[in-house]
Amino acid sequence: MSFTGKYELQSQENFEPFMRAMGLPEDQIQKGKDLKSISEIVQDGKKFTVTVTTGSKVIKNTFTIGEESEIELMTGEKIKAVVQMEGNNKLVTQVKGMKSVTELNGDTIIYSMTKGDITLKRVSKRI
């Protein structure tokens, strides 16, 4: 199953509490909570390029499954992480005490990040 495509954010749960747990300033949380984001994913075998555009902010990450890569978080912080693939439709990584799961189901991507007992869930549809 190929992740390649453009996806538009349809809904999200726990955005504000999750961003507070990540240490994002309240003014940035309030600005970002209602912005729609577009994710563009290009998959070439085990290599992925993910570009997320939210308002005027663009985050672009390139990684290869199973190899350490530098990833920019939503907070702007850059960290080293290894992304693994589970099955043929799930990307999983653990970073800074968080678990990130990106799951492709048909034309829908469900992105979950869990830190402690708070899970941010974002649902995007292919456009």
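The values are calculated or read from the model by the stated rules, or taken from the named source; none is laboratory data. Model, not experiment: these values are computed from the prediction. FYI the Cβ positions are ideal-geometry reconstructions off the backbone, even for glycines, and counts take in every protein chain you see. Each accessible area value is taken on the protein alone, full model and side chains, heavy atoms only, with ligands, DNA and RNA left out. Shrake-Rupley method; radii C 1.70, N 1.55, O 1.52, S 1.80 Å.
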Members of segment 14-36 found to be closer than 16 Å to Leu73 by Cβ and outside any helix (DSSP H, G or I), listed by number: Met22, Gly23, Leu24, Pro25
Lone unmet requirement of (1) touching a residue at least 24 places away in the same chain (Cβ under 8 Å); (2) part of a strand (DSSP E or B); (3) farther than 21 Å from Gln30 by Cα for Lys60: (1)
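Does at least one position in segment 63-75 carry a residue that is of a type in the set (Ser, Thr, Tyr), open to solvent by 70 Å² or more (accessible area, probe 1.4 Å) and more than 15 Å from the chain's Cα centre (by Cα)? Spell out the reasoning first.
Of the residues in segment 63-75, the ones of a type in the set (Ser, Thr, Tyr) are 64, 69, 75.
Among the residues that remain, those that are also open to solvent by 70 Å² or more (accessible area, probe 1.4 Å) are: none.
Within segment 63-75 (the criterion being of a type in the set (Ser, Thr, Tyr), open to solvent by 70 Å² or more (accessible area, probe 1.4 Å) and more than 15 Å from the chain's Cα centre (by Cα)), the answer is no, since none of the residues qualifies.
Being within 23 Å of Leu9 (Cα to Cα) and of a type in the set (A, V, I, L, M, F, W, C): is that true of Ile110 here?
yes
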Scope segment 59-78; condition in contact with a strand residue (DSSP E or B) (Cβ under 8 Å, 6 or more places away or on another chain) and of a type in the set (Ser, Thr, Tyr); matching residues: Thr62, Thr64, Ser69
Residues (open to solvent by 60 Å² or more (accessible area, probe 1.4 Å) and touching a helix residue (DSSP H, G or I) at 6+ places or on another chain (Cβ under 7 Å)) located in segment 5-53: Arg20, Lys33
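Might you let me know whether segment 2-18 holds any residue that is more than 15 Å from the chain's Cα centre (by Cα), in contact (Cβ under 8 Å) with a residue 60 or more places away in the chain and more than 19 Å from Arg126 (Cβ to Cβ)? So that I can check it myself, show each step before the final result.
Going residue by residue through segment 2-18, those that are more than 15 Å from the chain's Cα centre (by Cα) are 2, 16-17.
Those left that are additionally in contact (Cβ under 8 Å) with a residue 60 or more places away in the chain: 17.
This time we only want the ones that are more than 19 Å from Arg126 (Cβ to Cβ), so: 17.
Yes: segment 2-18 contains one or more residues that are more than 15 Å from the chain's Cα centre (by Cα), in contact (Cβ under 8 Å) with a residue 60 or more places away in the chain and more than 19 Å from Arg126 (Cβ to Cβ).
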Verdict on Ser56 being in contact with a strand residue (DSSP E or B) (Cβ under 8 Å, 6 or more places away or on another chain) and either over 16 Å from Lys6 (Cβ atoms) or surrounded by 15 or more Cβ atoms within 10 Å (Cβ to Cβ) (or both): no
Residue within segment 37-50 that is assigned to a strand (DSSP E or B), free of Cβ contacts under 8 Å to residues at least 24 places away in the same chain, within 24 Å of Thr119 (Cβ to Cβ) and not charged (D, E, K, R) present: yes
Top-ranked residue of segment 79-127 - restricted to ones that are among the polar types (S, T, N, Q) and assigned to a loop (DSSP other than H, G, I, E, B), ranked as least open to solvent (accessible area, probe 1.4 Å): Asn89
